[in-house]
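Undergrad: Supplied in structure tokens, the structure appears directly below.
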Amino acid sequence: MFKKNKHGIQVKTPEQLEKMRAAGLVVGRTLELLRSSVEPGLTPLDLDVIAEKAIRDEGAIPSFKGYQGFPATICASVNEEVVHGIPSDRRKLREGDIISIDCGAILDGWHGDSAITVPVGEVDPALTELMRVTEESMWRGIAALRVGGHLSDIGFQVEKYVRSQGRYGIPQEYGGHGIGTEMHMDPWVANHGRPGRGPRFEPGMCFAIEPMVNLGTDRTRVLSDDWTVVTVDGKASAHFEHSVAVTDNGPLVLTALDGGASRFGQTSAGSGEQG
């Protein structure tokens, strides 16, 4: 039922990609709701409550909640928190913060996974630029998902763009992953490296592309909660992610509401576009 290539990477049929697209849209719509909800005075836990209701109202299941013991629907990482922040009500969002919101949902057995970083009110221009660079590097990585390309092309394009924009840190130990009937599947997808290496892309392969970029050093540490990753220098970090399918017409961005059409042209949205 679930085909894998010789490298163990799951390859979806067109019908299965439609199911992936439906799950991706649940995540995409939830993140847009969260983006519009972020404001000073809210807590990450407030956002978590909004996210869980939105996902369940669509008949889906939050894929993060309970995953390896994670206690929440979203990862909410504020300022120096890179990824995997646990939502709580101990920290209210303040004007000038940035918050990374990572969200996943399961619909009909298929996973969607995406992340955005959102400014809280007016933020320092350096943080605005950090978010821009990180998001653009994600799109550069996504553009590498062309039939016949290599897995390492993603990280090469991410790193090449980030390095061209200034002195930013790219945490080496964190990256993207395959996605499908599980949230995290082979292969691991680095945000750095040389091009032309690793498995070749085939139609039906799906990957979560997720650069994390720090304003300072690339060095990180994990807090005592065993989840939250922070920068060692205390400087801010941004994180963007989309789940993407390889198709004969180019990347289909499963978690983007337009399928990536505004970035790559209408043909990349392809069949499977829903609601």
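Read the figures in this text as sums done on the coordinates, not as results from a lab. Since the structure is predicted, the reported quantities are computational estimates derived from the model, not experimental observations. Note that each Cβ is placed from the backbone with ideal geometry, even for glycine, and that neighbours are counted across all protein chains shown.
Undergrad: How do 156, 70, 207 line up, fewest other C-beta atoms within 10 Å first? Let's see the in-between values first.
TA: Values: 156 21, 70 17, 207 27.
In order of increasing Cβ crowding within 10 Å: 70, 156, 207.
Undergrad: Using θ = phi - 60° and the Karplus form 6.51 cos²θ - 1.76 cosθ + 1.60, what ³J(HN,Hα) does each residue of region 77-85 get, whole Hz, x for Gly and Pro?
TA: Going residue by residue, I get 10, 9, 6, 6, 6, 7, 8, 6, x Hz, with x marking Gly and Pro.
Undergrad: What fraction of the Cα pairs in region 32-120, stated in percent, has a spacing above 15 angstrom?
TA: Tail of P(r) above 15 Å: 54 percent of Cα pairs.
Undergrad: Separate question: From the gyration tensor of the Cα coordinates in region 104-182, what semi-axes in whole Å does the equivalent ellipsoid have, largest first, with each one equal to sqrt(5λ)? Walk me through the numbers before you get to the answer.
TA: Details: eigenvalues 126, 76, 20 Å².
Three semi-axes, in Å: 25, 19, 10.
Undergrad: Mind putting together the pair-distance distribution for region 143-253? All Cα pairs, 5 Å bins, whole percent per bin, short to long.
TA: Whole-percent P(r) values from 0 Å outward: 2, 12, 21, 23, 18, 12, 8, 3, 1, 0.
Undergrad: Sticking with this one: List the residues whose amide H sits under 5 Å from the amide H of residue 64, counting only those 5 or more places along or on another chain, with H placed 1.01 Å from N in the peptide plane.
TA: Amide H to amide H, under 5 Å and 5 or more residues apart or across chains, residue 64 pairs with 104.
Undergrad: Okay, moving on. I'd like the projected area of the chain, averaged over all directions, using the convex hull of its alpha carbons. Report it in nm² with one decimal. Kindly include the intermediate steps, with their values, before the conclusion.
TA: Numbers: hull surface 52.9 nm².
Hull-based average projected area comes out at 13.2 nm².
Undergrad: Give, in nm to one decimal, the length gained when the segment between residue 222 and residue 33 is fully stretched (0.36 nm per residue of separation minus the Cα-Cα distance). All intermediate terms of the calculation are to be shown ahead of the outcome.
TA: Numbers: separation 189, 0.36 × 189 = 68.04 nm, distance 2.89 nm.
My answer for the length gained is 65.2 nm.
Undergrad: Can I ask one more? Which value in deg cm²/dmol, rounded to the nearest 500, describes the helix-derived mean residue ellipticity at 222 nm for the chain, given -39,500 (n - 2.57) per DSSP H run of n ≥ 4 and division by the residue count? Intermediate results must be reported in sequence, preceding the final value.
TA: Numbers: 6 runs with 78 residues, N = 275.
Calculated at 222 nm, the ellipticity per residue is -9000 deg cm²/dmol.
Undergrad: Quick one: what do you get for region 1-71 if you divide its Cα Rg by 2.2 N^0.38 Å?
TA: Values: Rg = 15.8 Å, N = 71, 2.2 N^0.38 = 11.1 Å.
Cα Rg divided by the expected 2.2 N^0.38 Å: 1.42.
Undergrad: So what's the gap between the Cα centers of region 161-207 and region 16-45, to the nearest angstrom?
TA: With region 161-207 and region 16-45 each reduced to a Cα centre, they are spaced 22 Å.
Undergrad: Once you put a point 7 Å from the Cα of residue 128 and another 7 Å from the Cα of residue 92, both along the Cβ direction, what distance in nm separates them?
TA: According to this spin-label approximation, the distance is 2.6 nm.
Undergrad: Give the Rg/Rh ratio for region 73-121, taking Rg as the radius of gyration of the Cα atoms and Rh as the Kirkwood radius, to two decimals. Kindly include the intermediate steps, with their values, before the conclusion.
TA: Working: Rg = 12.3 Å, Rh = 11.7 Å.
Over the Cα atoms of region 73-121, Rg/Rh equals 1.05.
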